[in-house]
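Handing you this structure, nothing more for now.
The values are calculated or read from the model by the stated rules, or taken from the named source; none is laboratory data. Since the model is a prediction, treat every value here as computed from it, not as a measurement. Note that we place each Cβ from the backbone using ideal geometry, even for glycine, and neighbour counts take in every protein chain shown. What goes into the accessible areas is simple: the full protein's heavy atoms, side chains included, and nothing from ligands, DNA or RNA. Shrake-Rupley method; radii C 1.70, N 1.55, O 1.52, S 1.80 Å.
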Amino acid sequence: MPHTDTPAFVLRGLQAGDIGWVIHRQTVIYAQEYGWNNEFEALAAEIGARFIREFDPRWERAWIAEDPRSGQILGAVFVVRQDEHTAKLRMLYVEAQARGHGLGAHLVDECLQFARQAGYQRMVLWTNSVLTSARRIYERAGFTLETEESHHSFGHDLVGQEWGRAL
């Protein structure tokens with residue numbers, strides 16, 4: 001194979017249409033991989049709409065991971081303000097073909113770095129126990145499980161989890 005200096009992915013800020021794309025892709029992926037219904041799409045759309053409406057660049061950020069050769073979006077993550085001391089990680093996702101190369105961990109690291117620089121003292125996130133790959137990323141990044149609660153959402157019985165860590 002020829003040597004290339006082209007990175008596997010680059011991170012960039014949001015462009016027009018990105019939030020809609022993230023909602024679409026995450027919904028399709030979770031439907032295919034976990035059988036989740038359109039209730040998840042409604043949740044993702046609400047998160048995306050709130051990010052657009054209430055965006056404050058001092059406290060919030062989003063990253064799109066892109067293949068520099070093709071321009072294809074490979075994943076994304078968002079940080080939103082929960083309160084003056086707490087940032088919330090939202091909407092982490094990585095396309096199947098980009099998994100296993102550290103992209104998810106890199107996206108989470110970007111969130112943590114931004115949150116520290118913004119002056120937050122803590123970061124939290126909500127996920128579900130079936131999302132095992134994401135949970136492993138969160139654990140390696142220093143998050144700990146704080147609460148769990150069974151719920152019926154997205155067409156399934158699930159266990160919602162709240163994770164957090166100090167910055």
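Take the alpha carbon atoms of the chain, find their radius of gyration, then divide it by 2.2 N^0.38 Å using N residues; give the quotient. Intermediate results must be reported in sequence, preceding the final value.
Numbers: Rg = 15.7 Å, N = 167, 2.2 N^0.38 = 15.4 Å.
Normalised Rg, Cα atoms only: 1.02.
Right, here's the next one. May I ask for the net charge around Gly13, where only other residues with Cβ less than 14 Å from the Cβ of Gly13 are counted and Lys, Arg are +1 while Asp, Glu are -1? Walk me through the intermediate numbers first.
Details: positive: Arg12, Arg61; negative: Asp18, Glu60, Glu66, Glu110.
Combined, the nearby Lys, Arg, Asp and Glu give -2.
Now for a separate question. Say each of Glu146 and Ala166 gets a label point 7 Å from the Cα, pointing the same way as Cα to Cβ; how far apart are those two points in nm?
So the two model labels end up 1.3 nm from each other.
Still on this model: Give me, ordered by chain and number, the residues 5 or more places off Leu74 or on other chains with an amide H under 5 Å from its own placed amide H.
For Leu74, the qualifying residues are Ala65, Glu66, Asp67.
A further question follows. At a probe size of 1.4 Å, how large is the accessible area of Ser70, to the nearest 10 Å²?
80 Å²
Rounded if a/c is under 1.5, else prolate if a/b beats b/c, else oblate: with a ≥ b ≥ c from the C-alpha gyration tensor eigenvalues square-rooted, which is region 110-156?
Details: a/c = 2.50, a/b = 2.05, b/c = 1.22.
Cα axes put region 110-156 in the prolate bin.
With the cut-off at 1.5 for a/c, could you classify region 1-84 from its C-alpha gyration tensor as rounded, prolate or oblate?
Values: a/c = 2.61, a/b = 1.31, b/c = 2.00.
Cα axes put region 1-84 in the oblate bin.
Okay, next question. Let me check against my output: what whole-number percent is the relative contact order of region 11-167, with C-alpha pairs under 8 Å and at least 6 apart? Write out the running numbers ahead of the final one.
Details: 245 pairs, mean separation 30.4, N = 157.
This gives 19 percent for region 11-167.
Tell me, how many Å apart are the Cα centres for region 110-167 and for region 57-80?
18 Å
Carbon-plus-sulfur fraction of the accessible area of region 46-87, 1.4 Å probe, in percent?
Details: 1020 of 2250 Å².
Ligands and nucleic acids excluded, carbon and sulfur reach 45 percent.
Give me, ordered by chain and number, the residues 5 or more places off Asn128 or on other chains with an amide H under 5 Å from its own placed amide H.
Answer set, sorted by chain and number: Gln161.
Provide the packing ranking of 74-83, 100-109, i.e. peptides ordered by the mean count of other C-beta atoms within 10 Å per residue, highest first. Write out the running numbers ahead of the final one.
Details: 74-83: 21.1, 100-109: 17.5.
Taking the mean over residues of other Cβ atoms within 10 Å, the ranking is 74-83, 100-109.
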